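Below: the structure, in structure tokens.
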Amino acid sequence: MLSDNSVIPVGVRFMMLSALGFSLMSACVKLASARGIPLMEIVAARALVSLAISYADVHRKGLSPWGHNRVLLFARGAVGTFALVCFYYAVTTLPLAESTLIQYTHPVFTALLALIFLGERVNGATLVCIGLSILGLLLIVQPGMLNGGSAQLPSFSVFAALLGALGSSVAYVLVRRLSREEDTSVIIMYFPLVALPVSLLLPGDSFIMLDGQALLLLLMVGVFTQVGQWGMTHAMRTELAAKASAYSYVQVIFAAILGWLVFGDLPNTATWLGGTLIIGGALFNMLRR
């Protein structure tokens, strides 16, 4: 067990472990794609590992894997699958730091969806967050804004990343609704339960035979995903949600370091400035609440 007799609170350490796990997962996805493994094969591998682990957890608790509100559970799985495909596409076609930063625009979508579907009020801090996120996103997507140049990120990849952030927000709102009547383990299991057959049935590049290194990469995608989810779950249990969530943004730093060391991608000035605005706005909104 981790002790609280430390300068860094245990919940913060769990959240930093979660951020590292998700960053390593993204790096493995990008490496797998670079080896020619089709996107949907990567999704299928991740779903297979997650389904095995999630089912074992549900079985251990003695729960029915089907839950009660199957319509909403299926919707959560479908939306999560859509968001994952979009995010993985963005990871494979954008630098790690940029794809991660765009994903962190999800608080904007979550606030708007919570207003529409949950009746939650959008306060001044949230409006500041939305404004800073939009400005930060413009800087990242159009870095030429700083120097009058025309450099920009691929439009379709940015669009996919934003769709992934939107999908993550919808999934988050659905999870909050489902948490009133479903066990967390059942909610988690429905994601790979939907993602696995979808990844096998959707049209796309044919699956390829994998060598040992490719198999290891795909296994690591699933393992690092579980590490990220495990760390996040324990962080939320041992720390105030706002405080723990604030430290999740260290994932951007991990992504930038991995992007530089593994892929030779060094974020430019516009990315750092845009990222500062996005993260600053999110933290301001979180801590004000």
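The values are calculated or read from the model by the stated rules, or taken from the named source; none is laboratory data. These numbers come from a predicted model, not from an experiment. No Cβ is skipped: glycine too gets one built from the backbone with ideal geometry, and neighbour counts run over all protein chains shown. These accessible areas exclude ligands, DNA and RNA; they are computed on the full protein's heavy atoms, side chains included. Shrake-Rupley method; radii C 1.70, N 1.55, O 1.52, S 1.80 Å.
Hydrophobic, long helices, defined as DSSP H runs whose alpha-carbon span along the helix axis is 30 Å or greater and whose mean Kyte-Doolittle value is at least -0.5, occur in the chain at 10-34, 39-61, 70-93, 155-178, 212-238. The protection proxy used here, the mean number of other Cβ atoms lying within 10 Å of each residue, ranks peptides 94-105, 262-273 as follows, highest first: 94-105, 262-273. Let me know the shape class of region 1-80, please: from the alpha-carbon gyration tensor, a ≥ b ≥ c as square roots of the eigenvalues, rounded when a/c is under 1.5, otherwise prolate if a/b is greater than b/c, or oblate. In terms of gyration-tensor shape, oblate.
Taking each residue as 0.36 nm, the span from Arg35 to Ile208 lengthens on full extension beyond its C-alpha to C-alpha distance by 61.2 nm.
In the chain, the portion of solvent-accessible area held by carbon and sulfur atoms comes to 68 percent [1.4 Å probe, whole percent, DNA, RNA and ligands not counted].
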